[in-house]
Structure formats: C-alpha cells, structure tokens
1. Restricting the first residue to segment 136-147 and requiring it to be of a type in the set (Lys, Arg), which pairs with a second residue that is near the ligand (Cβ under 8 Å from one of its atoms) and part of a helix (DSSP H, G or I) meet a Cβ separation below 8 Å and a spacing of at least six or different chains?
2. Please determine, by comparing only the residues of segment 89-147 that are among the basic types (Lys, Arg) and within 8 Å of the ligand (Cβ to nearest atom), which one is farthest from the chain's Cα centre (by Cα).
3. Scanning for something in contact with a strand residue (DSSP E or B) (Cβ under 8 Å, 6 or more places away or on another chain), surrounded by 12 or more Cβ atoms within 10 Å (Cβ to Cβ) and modelled with pLDDT of 95 or more, does segment 27-47 turn up at least one residue?
4. How many residues, within segment 5-21, are crowded, with 17+ Cβ neighbours inside 10 Å and over 17 Å from the mean Cα position of the chain (by Cα)?
5. Looking at Gly79, Gly104, which is the one that is at pLDDT below 95 and within 28 Å of Ala137 (Cα to Cα)?
6. Out of Asp165, Asp84, Asp90, Asp73, which single residue is over 21 Å from Pro27 (Cβ atoms), surrounded by 15 or more Cβ atoms within 10 Å (Cβ to Cβ) and out of contact with any helix residue (DSSP H, G or I) (no Cβ under 6 Å at 6 or more places or on another chain)?
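The values are calculated or read from the model by the stated rules, or taken from the named source; none is laboratory data. Being a predicted model, the structure only gives us computed values, none of them experimental. In this analysis, Cβ positions are derived from the backbone assuming ideal geometry, glycine residues included, and neighbour counts consider all displayed protein chains.
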Amino acid sequence: MIETERLILRPFQKGDAEDLYEYLHEPMVHCFASMRLKSLDEAREEVAKRVKETEYLFAIVLKENSKVIGEIDAYPESGEPHKDENAVLDNFSPCWMLNKNYFGKGYAYEAAHAFFDYLFYEKGARRIYAYTEDYNASSQKLCEKLGMRREGMFMEFVSFVNDSDGNPIYENTIQYAILKKEWNK
Ligand SMILES: CC(C)(COP(=O)(O)OP(=O)(O)OC[C@H]1O[C@@H](n2cnc3c(N)ncnc32)[C@H](O)[C@@H]1OP(=O)(O)O)[C@@H](O)C(=O)NCCC(=O)NCCS
C-alpha cells in the first residue's frame, strides 16, 4: 500500500467492481479500448483477476470516502528488446487512468509521483518511460509535471481501433522518460 496526502494506492479488492465499471465501461482513450467492460458482471470477473496482482497494479482510492477513482500500473521490463531471460528488468512503463469525474484535481499527479517513488526506491527501477498519443494533452502535461523528458515522436506507431471500413487507425505516439538519477534531483 502507498499513502499520499489524499489517496491510497492499493491492490484491487473484491468490492471494487462497481467503481471499476464506472470508469472502464467507456474508456476515454483508444489505447485502453481493449479494456472496455460491457457489464458489471464483466467488471466482477476483471476484479477477480486483478486481486491477485499485489505489486505492480494499484487502485487509486480517495481517502475521504474509499472510492476507487482510477488505477495505475507498470511492470518490470528489460530496456533492450533482444535481451535474453537473464536481462535485468529495470525499465517500467506506467499506465494511468482516472474516472473522468475526478480529472483536474491533481489526483493523477499525486498518485503517479508516489508510484514513481515506489518504482525507483522499492522496485529497482532505473528508467521509467511513458507512451502517450499526440492528441492526449492531459497525459503529456502529467509526464512533464513529473519531470519526464520528451524523447521523441513515433509516427503512426500503433493502432488500437479500426475505422468504419475495418482499416486500422494508426496513432502518433510521443515517448517521455525519466532516469532514477534525474528523479533523485
Ligand atoms: C491522463 C489523466 C490521468 C490526467 O489526469 P489529470 O486530472 O488531468 O491530471 P493531474 O492530476 O495532473 O491534474 C492536473 C489538473 O488538476 C488541477 N488541480 C486542481 N487541484 C489540484 C491540486 N490540489 N493539486 C494539483 N493539481 C490540482 C491542476 O491545476 C491541473 O489542471 P490543468 O490541467 O487545467 O492545468 C486523465 O486525463 C485520464 O485519466 N485520462 C484518460 C486516460 C488516459 O489518457 N491515460 C493515459 C494514456 S497515455
């Protein structure tokens, strides 16, 4: 569990299905389209899978009323694509998502800042990088507030959804990153 002034970051729990459904029945951005939950039953199934995850996936919970208002996760990766199974897993790429009713209150920054501390100081992170689409201004702003460097833009890098004719819609993706030695400063 991670505690901040207004939030608790904790693993998902059985009773979180309604709150999860509230923000995942209509994901706000294409990159989370595959996470869409069509019903509360699907949300319950999803929570049942998530409760086993205790290290790298956290519900963002408001202290004042214990509501789950979003989530943040990142898993250890090797920084180099062709490394073997002995590679050091010291890279992490966070995903963050809030219930839209809680945007614009600083909760994402508060959660992400505490999560970065956790990854750098407890989970061996050396480098944290984030992908965000070129139209996702709020996510870019969050990366910048966290002190991440904009490292580049990958044109038509990835497709999450198709157009009405079934052709992939490719997105331009910006990469941000921060190293532990930069975070320490
Ligand atoms: C990306 C996302 C998590 C950012 O959430 P957010 O609420 O905009 O981010 P922050 O927590 O940094 O809040 C920033 C805003 O809160 C305001 N704020 C209000 N009270 C505040 C407080 N006490 N402390 C800090 N900021 C506060 C800030 O002024 C800022 O407003 P601004 O954007 O008008 O400048 C959110 O937009 C989201 O979930 N989007 C959908 C999912 C998504 O796109 N994920 C990323 C995929 S790459």
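1. Close Cβ pairs (under 8 Å, with a partner that is near the ligand (Cβ under 8 Å from one of its atoms) and part of a helix (DSSP H, G or I)) amount to Lys145/Tyr109.
2. To start, the set of residues in segment 89-147 that are among the basic types (Lys, Arg) comprises 100, 105, 123, 126-127, 141, 145.
Now drop any that are not within 8 Å of the ligand (Cβ to nearest atom), which leaves 100, 105, 141, 145.
Working: Lys100: 15, Lys105: 17, Lys141: 14, Lys145: 15 Å.
The extreme case among them is Lys105.
3. Scanning segment 27-47 turns up no residue that is in contact with a strand residue (DSSP E or B) (Cβ under 8 Å, 6 or more places away or on another chain), surrounded by 12 or more Cβ atoms within 10 Å (Cβ to Cβ) and modelled with pLDDT of 95 or more.
4. Residues flagged as crowded, with 17+ Cβ neighbours inside 10 Å and over 17 Å from the mean Cα position of the chain (by Cα) within segment 5-21 amount to 2.
5. Exactly one of Gly79, Gly104 is at pLDDT below 95 and within 28 Å of Ala137 (Cα to Cα), namely Gly79.
6. Asp90
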